[in-house]
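The values are calculated or read from the model by the stated rules, or taken from the named source; none is laboratory data. Values in this document were obtained by computation on a predicted structure and should not be read as measured data. With ideal geometry, Cβ positions are generated from the backbone for all residues, glycine too; neighbour counts draw on all protein chains shown. What goes into the accessible areas is simple: the full protein's heavy atoms, side chains included, and nothing from ligands, DNA or RNA. Shrake-Rupley method; radii C 1.70, N 1.55, O 1.52, S 1.80 Å.
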Amino acid sequence: MHILAIESSCDETAVAVVENGITVLSNTIASSRDFFKASGGVIPEEAARKQIECMLPVLHQALKEAHCTPKEIDAIAVTRGPGLLGSLLVGTVTARGLAALWNKPLIGVHHTLGHLSSTWLDCSADDLPQFPILTLSASGGHTDLWYRSSHTQGRLLGSTRDDAAGEAFDKGASLLHLPYPGGPSIAKAAEQGNPDAFPFPLPLKKEPSFDFSFSGLKTALRYTIRDAKLLLRETPSQGVSTDVADLAASYQEAICNHLLDRIALALHKHPDIQEVHIVGGVSANIRLRTLLTQLDTGTTVRWPKSLRACTDNAAMIAAAAEFLVREKGNAAYRFFETAASLPLSAAIQ
Ligand code: KG4
Ligand code: ZN
């Protein structure tokens, strides 16, 4: 199938055309992230307003890049939740309109199922992921560890009890006076730093659960800055000081170590796992990828093949829609409501 997908759950307006859930014909995105740099976070009302402006140009661009006409599209897919309601509505209203106008079936997709499908994008036919798969989905809104026996079946092993991993990066960056979004700016500052310079605890160390907790790391960072009496006033043109680089590197290491500690525990409990995947914005983190590779999991390890496929994008929604149709048949085309909060059970059963 050729699926045209729309994703607009946060501050991005994204449209993609994907063939058979794997071949990305276009993956177009307009982000208002730079616009929100000054405010240090997304303002929901503003984000939706920008998405209304961007939606049609992005749609045209995605069709053009894919060399596709509406006639060649077999179905429309759209993120139905969770996310910012106004933003989601811009996407779902557009998708419903296109489906009616072009007479195509419509598939509503859970945002997380999109992330879970992102490791299939751009895979070659002879190197497709094999289930059962352990997937860590870590972004600004969630941190979940899944045991998946198929695209739509599996178990949520654990979730974060407080902040999400991406949120920990964002809040940490704010404490270090580094720009939003925090993940890339902490990673960049950490390049010059020593990850062993400052000690951080390993969260939930004694608990044999698969849950995560990041709020303690954030507090530890705040106290480290206070106790060391560090004066953190940076401007990008001056570059970061040794203190900031060392703090960024140590804090990043602590977040990565916690994520990897849970992956290692899950692999120990589920020796049948064939592959380990990391997806979502945090999977763009190079240090996390390096440490995962060094973990010696005895399995195939994957993350999305492009940076764009790690963070929010529409190609992953198209892939998830394709797999929903394959595994659920006509149920994939069921009527859906747009929902700001949507239980994870709506993604995988
Ligand atoms: O998946 P995503 O684009 O949006 C959500 O669904 O939340 O993830 C965004 C999150 C942000 O918190 C951002 O700081 C984080 O992913 N992120 C990173 C990196 N790039 C983005 N975290 C760590 N390292 C990165 N290189
Ligand atoms: Zn996301």
(request) Could you tell me which residue of the stretch 301-316 is farthest from Ser26 (Cα to Cα), considering only residues that are part of a loop (DSSP other than H, G, I, E, B) and not charged (D, E, K, R)? (result) Trp303
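Counting just the residues of the stretch 265-288 that are open to solvent by 40 Å² or more (accessible area, probe 1.4 Å) and either within 12 Å of ligand 1 (Cβ to nearest atom) or not in a loop (DSSP other than H, G, I, E, B) (or both), which one comes out farthest from Gln252 (Cα to Cα)?
Here the answer is Lys269.
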(request) Go through the stretch 190-213 residue by residue and tally those that are closer than 17 Å to Leu247 by Cα and either open to solvent by 50 Å² or more (accessible area, probe 1.4 Å) or more than 11 Å from ligand 1 (Cβ to nearest atom) (or both). (result) 12
(message) Checking the conditions here, which among Asp122, Asp162 is more than 16 Å from ligand 1 (Cβ to nearest atom), among the charged types (D, E, K, R), open to solvent by 40 Å² or more (accessible area, probe 1.4 Å) and touching a residue at least 12 places away in the same chain (Cβ under 8 Å)?
(response) Asp122
(request) Determine which single condition Gly97 fails, assuming it passes every other condition in (1) in contact (Cβ under 8 Å) with a residue 12 or more places away in the chain; (2) within 26 Å of Gly329 (Cβ to Cβ). (result) (1)
(request) Would you be able to say whether some residue in the stretch 17-31 is within 16 Å of ligand 2 (Cβ to nearest atom), assigned to a loop (DSSP other than H, G, I, E, B) and open to solvent by less than 10 Å² (accessible area, probe 1.4 Å)? (result) no
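Return the residue satisfying two criteria in turn: it lies in the stretch 133-149 and is in a loop (DSSP other than H, G, I, E, B) and buried (at least 17 other Cβ atoms within 10 Å of the Cβ), and of such residues it is nearest to the chain's Cα centre (by Cα).
Here the residue is Ser139.
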(message) Please go through the stretch 18-30 and give me each residue that is of a type in the set (A, V, I, L, M) and over 19 Å from the mean Cα position of the chain (by Cα), ordered by number.
(response) Leu25
(request) Among what's in the stretch 59-111 and is hydroxyl-bearing (Ser, Thr, Tyr) and in a helix (DSSP H, G or I), pick the residue that is surrounded by the most Cβ atoms within 10 Å (Cβ to Cβ). (result) Ser87
(message) Regarding the stretch 161-173, can at least one residue be identified that is touching a Ser or Thr at 6+ places or on another chain (Cβ under 9 Å), closer than 27 Å to His268 by Cα and away from ligand 2 (no atom under 16 Å from the Cβ)?
(response) yes
(message) Please determine whether any residue of the stretch 189-200 is within 22 Å of the chain's Cα centre (by Cα) and under 30 Å from Ile133 (Cβ atoms).
(response) yes
